[in-house]
């Protein structure tokens, strides 16, 4: 069995999960934001072009790279990889992926992570990251990310990643070692 197999089994092809995150609204009462998170498998999701245009307007090219990679057959389809999309209502709010890290054997890398500016500070990024990192944290697999901006660094650090400047990354999720297997009963 490949070391990363099954990490994202909770997102089978085209499956969706719901997330409801609450935060204090103006004046104090909590307002909940609901998101649908789904695996992207065959085609990039409807609304991807809008997200791509917004990313370009901020001088981010990660979605251009995602589209180019997708067109050449890189579909986040290796064992342990996934590309997820988040919808807030009918709008594509963001995307994020996790792949094997070719620069660091045995590690995964968060990549092509982008949330539309109108959807930021609502919990979309946190919901995507939680979906991608949930099982990875339990497996103890090292995860790396390249935070391209100071705001991205603050975001990833808020999720428990620590600064770790390397040739291919700026942050890492500290690996939690798996406990040793229980001794066999006699």
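The values are calculated or read from the model by the stated rules, or taken from the named source; none is laboratory data. These numbers were taken from a predicted model, which means no experiment stands behind them. Cβ placement follows ideal geometry from the backbone for every residue including glycine, while neighbour counts extend to all protein chains displayed.
In the condition set (1) within 17 Å of the chain's Cα centre (by Cα); (2) at pLDDT 50 or above; (3) not in a helix (DSSP H, G or I), residue 21 is compliant with all but (2).
Determine whether the stretch 158-166 contains at least one residue that is assigned to a strand (DSSP E or B), touching a helix residue (DSSP H, G or I) at 6+ places or on another chain (Cβ under 9 Å) and closer than 26 Å to residue 46 by Cα. No, the stretch 158-166 contains no residue that is assigned to a strand (DSSP E or B), touching a helix residue (DSSP H, G or I) at 6+ places or on another chain (Cβ under 9 Å) and closer than 26 Å to residue 46 by Cα.
Residues checked against (1) buried (at least 20 other Cβ atoms within 10 Å of the Cβ); (2) out of contact with any helix residue (DSSP H, G or I) (no Cβ under 8 Å at 6 or more places or on another chain):
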site: 78; (1), (2): no, yes
site: 97; (1), (2): yes, no
site: 104; (1), (2): no, yes
site: 117; (1), (2): no, no
site: 124; (1), (2): yes, yes
site: 127; (1), (2): yes, yes
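Pick from the stretch 33-62 the residues that are assigned to a helix (DSSP H, G or I) and in contact with a strand residue (DSSP E or B) (Cβ under 6 Å, 6 or more places away or on another chain): which of them is farthest from residue 149 (Cα to Cα)? Before the answer, list the steps.
Our first condition is that a residue be assigned to a helix (DSSP H, G or I); within the stretch 33-62, this holds for 48-57, 62.
Those left that are additionally in contact with a strand residue (DSSP E or B) (Cβ under 6 Å, 6 or more places away or on another chain): 51, 55, 62.
Working: 51: 18, 55: 13, 62: 13 Å.
Looking at the filtered set, the residue picked out is 51.
Scanning the stretch 119-157 for residues that are part of a helix (DSSP H, G or I), more than 14 Å from the chain's Cα centre (by Cα) and in contact (Cβ under 8 Å) with a residue 60 or more places away in the chain yields a total of 1.
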